[in-house]
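J.: Sending over a structure as structure tokens; questions will come in a sec.
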Amino acid sequence: MSKELMKGNEAIGEAAIRAGCKLFFGYPITPSTEIVEYLSKHLPKAGGTVLQGEDEVASINMCYGAATTGARVMTASSSPGFSLKQEGMSYLAAAELPVVVVNVNRTGPGLGGLGPSQSDYFQCTKGGGHGGYRQIVLAPSKGQELYDFTMEAFDLADKYRTPVVILSDGFLGQMMEPVELKKRPKAELPAKDWAVGGCKGRAKRKVASYSLTNEIGEVNNLHWEAKFAEMKDSLQRWESFHAEDAEYLIVGYGTCGRIAKSVVLKARKQGFKVGLIRPITLWPFPEEAFANLDGVKGILTVELNFGQMVEDVKLAVECRTPVYFHNRLGGMLPSENEILRKLGQVFDLAVEV
Amino acid sequence: MQRVFGRPKGLTELPFHYCPGCTHGVIHRLIGEVLEELDIIGDTIGVAPVGCAGFSLDFFACDFVGAAHGRAQAVATGIKRALPDKVVFTYQGDGDIAAIGTAHAIHVAARGEKITSIMVNNAVFGMTGGQMAPTTIGGQITTTSPYGRDCALVGTPIDMPKTVATLNGAVYVAACSVDTPKNIIQTKKCLKKAFQVQQAGLGYALVSILSTCPTNWGLSPADSLKWLQENMLPVYEMGELKVTEEVKAL
Ligand SMILES: Cc1ncc(C[n+]2csc(CCOP(=O)(O)OP(=O)(O)O)c2C)c(N)n1
Ligand code: SF4
């Protein structure tokens, strides 16, 4: 199968088209803009529609409308724009609508900068909008995964009737890498017998997110809780790299996970048993990856923020082994040697850098 | 016995929950009749806002989607772009369309989105208890303008249909009222036209309708109609504010 050299953002656009995305609503923001540009060029040729909304609030609500008809639909943005989508995300979760939302994380808070960052982890995984909901969050670490995960996100969204977030960053989105344009085997998905489209020949349908009766409100919330629990049980995913016999584990996702792989190899070369856990689903967080910590003397979590995923790592580890944290901020990336040095420091290992 | 008057087929059997004397009910009925007469109930998707009109999704016999406050027109855009052959309409209050949803209201019109919007203007935020709306009349007392709306401080009322009429994508804009039988008949004509414009794929259509809120105005239903006539009719220009040549040729 052919490989193409593409920007990460373009890989997302191409995967969306091939996954049957029919509508894209967006508003430009660096470093996500190539997604709306790519789709503006290619989606109409594939029989779809791209509409540039007046802002991110409009775009996510256009997605909401299109999703109620059962069509596959996507939007993409970067941090400040993703913030504006939070109102809509909460409504999507409540109305149980499948929409794929890409967040090419830039730095923050505020307008921030354009470099790679992981500062939106809390916002994506803990429910950035109101009301307490969960959504699937996938964290790619290279071009191929941006492509594969985007395709899969549409299936997951349809299967669970839920928004799915692809959390990328400015580094992954802008870098060019070879991407194999794989076809996915068609997943068995439930029929969209809830979608609106005119009630001719059937009973009227409604799609909405509200109930002003407390009793019904509780029933709805229990339904969502059960659904979140099912997703938590069945969806946890991560990559283990030399983790089986590891005495020291690095935990990092996306760009950090990618850098940490080289660190593991460097450390192994020097005889230190270092391994990597790279979370792929950020929600549900892969707690199962930390079920067995026999022989693990400590964990170093590496992130591009003030410390967000480290809280989930600590919850999963439940004090069974010490957890340390290393970060870079504002668009800077940690070098391999810098992480190696930190490993040596916190675990008292005589590493050479 | 032969039935000579009943609910139009465009409405479900559910009794309205609107306050006594509130003209939301009259407007619902008119739309229900139009849906039936144009024979589009089975092809129509309505979008409900937040506000008193938010429960309209139960009252119309067609498919319905509940949107967030102010977002009905963005949601309708998404539906129409996904299903261009269906009839899509929004039913919104003045707070929804002229306050929180202003950006969307301007841009659906600018894009000439092929949807129909109905704006129910009762000069207050009804559902939340009668606060000031952008459509509140100068001097009008509301819970957030307890000394009367001071236009020097908070601006003058927005005449939304007039504003929307300036945009090229809006091909039909009408400003109506349901205070008298004559005006009710006229409103229905405009509503029908607004749906026909969409069926013909001509562009965006808006019908704004002056309506009462006896509960929040603190007036009887009859006095509410009088208040509307004395206070709202002089401020808001009535009539078909914009009818493009294509619409005239319909
Ligand atoms: C984001 C958001 N802000 C505020 C509210 C509270 N709210 C509910 S209805 C409403 C005003 C509705 O007024 P209008 O659109 O004029 O409709 P009416 O009730 O008069 O029919 C407000 C402010 C809300 N639901 N969501
Ligand atoms: S609060 Fe006002 S607008 Fe709402 S139903 Fe009652 S009278 Fe009508």
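J.: Taking residue B:201 as the residue in question, decide whether it is more than 26 Å from residue B:44 (Cβ to Cβ), more than 16 Å from ligand 1 (Cβ to nearest atom) and not in a strand (DSSP E or B).
T.: no
J.: Looking at A:174, A:144, can you tell me which residue is closer than 24 Å to residue A:84 by Cα and at pLDDT 95 or above?
T.: A:174
J.: Checking the conditions here, which among B:32, B:54, B:42, B:25 is more than 7 Å from chain A (Cβ to nearest Cβ), more than 16 Å from ligand 2 (Cβ to nearest atom) and not in a loop (DSSP other than H, G, I, E, B)?
T.: Among B:32, B:54, B:42, B:25, only B:32 is more than 7 Å from chain A (Cβ to nearest Cβ), more than 16 Å from ligand 2 (Cβ to nearest atom) and not in a loop (DSSP other than H, G, I, E, B).
J.: May I pose another question? Would you mention how many residues in the stretch B:69-97 are crowded, with 24+ Cβ neighbours inside 10 Å and either among the basic types (Lys, Arg) or not in a strand (DSSP E or B) (or both)?
T.: 17
J.: Return the residues of the stretch A:235-248 that are within 20 Å of residue A:140 (Cβ to Cβ) and open to solvent by 60 Å² or more (accessible area, probe 1.4 Å); say none if nothing qualifies.
T.: Result: A:237, A:238.
J.: Still on this structure: Go through (1) within 16 Å of ligand 1 (Cβ to nearest atom); (2) under 25 Å from residue A:50 (Cα atoms) for residue B:86 and report which single condition fails.
T.: Every listed condition holds for residue B:86 apart from (1).
J.: Being open to solvent by less than 10 Å² (accessible area, probe 1.4 Å) and more than 18 Å from the chain's Cα centre (by Cα) narrows it down to one of A:291, A:260, so name that one.
T.: Answer to the check: A:260.
J.: So, in the stretch B:85-104, how many residues would count as being touching a residue at least 60 places away in the same chain (Cβ under 8 Å) and within 11 Å of another protein chain (Cβ to nearest Cβ)?
T.: Within the stretch B:85-104, residues that are touching a residue at least 60 places away in the same chain (Cβ under 8 Å) and within 11 Å of another protein chain (Cβ to nearest Cβ) number 2.
J.: Restricting to the stretch B:29-61, give me the number of residues that are out of contact with any Phe, Trp or Tyr (no Cβ under 9 Å at 6 or more places or on another chain) and in contact (Cβ under 8 Å) with a residue 24 or more places away in the chain.
T.: Summing the residues that are out of contact with any Phe, Trp or Tyr (no Cβ under 9 Å at 6 or more places or on another chain) and in contact (Cβ under 8 Å) with a residue 24 or more places away in the chain in the stretch B:29-61 gives 6.
J.: Here is a check on your reading of the model: is residue B:6 outside any strand (DSSP E or B), free of Cβ contacts under 8 Å to residues at least 40 places away in the same chain, more than 18 Å from residue B:194 (Cα to Cα) and within 14 Å of ligand 1 (Cβ to nearest atom)?
T.: For residue B:6, the condition - outside any strand (DSSP E or B), free of Cβ contacts under 8 Å to residues at least 40 places away in the same chain, more than 18 Å from residue B:194 (Cα to Cα) and within 14 Å of ligand 1 (Cβ to nearest atom) - is not met.
J.: Restricting the first residue to the stretch B:73-84 and requiring it to be more than 7 Å from every other protein chain (Cβ to nearest Cβ), which pairs with a second residue that is in a helix (DSSP H, G or I) and crowded, with 24+ Cβ neighbours inside 10 Å meet a Cβ separation below 7 Å and a spacing of at least six or different chains?
T.: B:73/B:104; B:73/B:105; B:73/B:108
J.: Pick out the one residue from B:192, B:226 that is more than 16 Å from ligand 2 (Cβ to nearest atom), in a helix (DSSP H, G or I), open to solvent by 40 Å² or more (accessible area, probe 1.4 Å) and away from chain A (no Cβ under 14 Å).
T.: After ruling out the rest, the residue left standing is B:192.
J.: Write out, first by first residue and then by second, each pair whose Cβ atoms fall under 9 Å of each other, whose residues are 6+ apart or on separate chains, and whose first residue, in the stretch B:233-249, is part of a strand (DSSP E or B) while the second is exposed (fewer than 15 other Cβ atoms within 10 Å of the Cβ).
T.: B:242/B:166
J.: Next question, about the same structure. Which residue out of B:127, B:132 is within 14 Å of chain A (Cβ to nearest Cβ), within 16 Å of ligand 1 (Cβ to nearest atom) and open to solvent by 30 Å² or more (accessible area, probe 1.4 Å)?
T.: None of the others qualify; the one that does is B:127.
J.: May I pose another question? If you check residue B:209 against the conditions, is it open to solvent by 10 Å² or more (accessible area, probe 1.4 Å) and touching a helix residue (DSSP H, G or I) at 6+ places or on another chain (Cβ under 7 Å)?
T.: no
J.: When residues of the stretch A:188-234 are filtered for being surrounded by 12 or more Cβ atoms within 10 Å (Cβ to Cβ), of a type in the set (Lys, Arg) and not in a helix (DSSP H, G or I), how many remain?
T.: Qualifying residue count for the region: 5.
J.: Residue pairs, Cβ under 6 Å, 6 or more apart or interchain, first in the stretch A:337-351 and hydrophobic (A, V, I, L, M, F, W, C), second in a helix (DSSP H, G or I). List them.
T.: Note: pairs meeting the criteria are A:339/A:263; A:340/A:263; A:340/A:266; A:351/A:340; A:351/A:344.
J.: A further question on this structure: Condition first: outside any loop (DSSP other than H, G, I, E, B), crowded, with 18+ Cβ neighbours inside 10 Å and of a type outside the set (D, E, K, R). Now tell me which residues in the stretch A:1-23 satisfy that.
T.: Of everything in the stretch A:1-23, those that are outside any loop (DSSP other than H, G, I, E, B), crowded, with 18+ Cβ neighbours inside 10 Å and of a type outside the set (D, E, K, R) turn out to be A:6, A:8, A:9, A:11, A:12, A:13, A:15, A:16, A:17, A:23.
J.: Determine whether residue A:34 is open to solvent by 10 Å² or more (accessible area, probe 1.4 Å) and more than 20 Å from residue B:72 (Cα to Cα).
T.: When the stated conditions are applied, residue A:34 passes them.
J.: Exactly one of these conditions fails for residue B:118: (1) more than 10 Å from chain A (Cβ to nearest Cβ); (2) assigned to a helix (DSSP H, G or I). Give me its number.
T.: It fails just one condition, (2).
The values are calculated or read from the model by the stated rules, or taken from the named source; none is laboratory data. This structure is a prediction, so every number in the text was calculated from the model and none was measured. With ideal geometry, Cβ positions are generated from the backbone for all residues, glycine too; neighbour counts draw on all protein chains shown. Please note that ligands, DNA and RNA were not included when accessible areas were found on the heavy atoms of the full protein model with its side chains. Shrake-Rupley method; radii C 1.70, N 1.55, O 1.52, S 1.80 Å.
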